[in-house]
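Nothing in this text is a laboratory measurement; each read-out follows from the coordinates by a stated rule. Bear in mind that the values here come from a model prediction, so they are computed numbers and not experimental data. No Cβ is skipped: glycine too gets one built from the backbone with ideal geometry, and neighbour counts run over all protein chains shown.
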Amino acid sequence: MQIEYEIKFTNINPEAIRHWLSDIGATCSIPLRRMYRYVFAHPTKSNAYIRIRQEWNKITSSYKEDNESQWIDSVKEIEVTVDNAEALRQMYLAFGLREKAVQETYRETWLHNNVIVTIDRRPGLKPFIEIEWPSQDDVEATVRSLWLTVDDGVYGTVSDIYNKELGIPHAVINETAVITFDQPPQAWEE
């Protein structure tokens with residue numbers, strides 16, 4: 001299983017980030033597009049899940065496991081490209097996996113020295129960026145080139161951002177069945 005070195009920065013201004021990315025020589029490889037995700041509960045691990053993601057130009061399925069270390073290497077991933085999201089979804093359901101969420105997002109992808117920088121919009125959240133690559137050094141170099149610091153980043157999964165911005169407990173957001181722009185999560189009230 002591959003470590004997914006990634007860091008997120010929340011509450012960003014997308015126009016400013018685009019300007020900074022252009023200034024450092026990054027290029028927009030995939031324009032802003034809507035993506036859909038089907039998320040399935042892992043049958044035995046509470047810190048892992050299986051996802052099908054319909055992207056602009058491809059469909060992927062991933063196994064993700066969060067070691068909850070809250071650092072740049074906290075997520076491990078196995079990802080494959082597939083050609084039919086709905087057929088794979090039906091296969092996972094036939095295996096007995098529990099579909100726990102259908103999610104909608106908007107994402108724009110940039111490349112800087114082969115490091116992937118995405119500008120993300122999730123229902124209910126302020127825009128954020130995610131910087132990822134198989135090398136921690138490359139990720140940290142890109143962070144510095146964007147005038148950011150790793151100490152200000154958010155590590156782990158997007159549920160950490162929902163918790164940070166809206167106060168939604170991880171167990172609640174991870175079991176929210178529909179997360180779309182028409183049905184965004186609301187701030188948590190006890």
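Where in region 19-56 are there trypsin sites (Lys or Arg not before Pro) that are in a DSSP coil and have at most 11 other Cβ atoms within 10 angstrom of their Cβ? Write out the running numbers ahead of the final one.
Working: sites: ARG33, ARG34, ARG37, LYS45, ARG51, ARG53; in loops: LYS45.
When the trypsin sites (Lys or Arg not before Pro) of region 19-56 are filtered for loop state and at most 11 Cβ neighbours within 10 Å, LYS45 remain.
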Tell me which label goes with the value of mean projected area of the Cα convex hull in nm² computed from the coordinates here: (i) 11.6; (ii) 10.7; (iii) 15.6.
(ii)
Could you tell me the distance between the Cα centroids of region 104-144 and region 155-180, to the nearest Å?
18
Sorting check: for 60-67, 143-150, which peptide has the highest mean count of neighbouring beta carbons within 10 Å, and how do the rest follow?
60-67, 143-150
Along the Cα→Cβ direction, 7 angstrom out, place labels at GLU189 and THR81. What is the inter-label distance in nm?
4.7
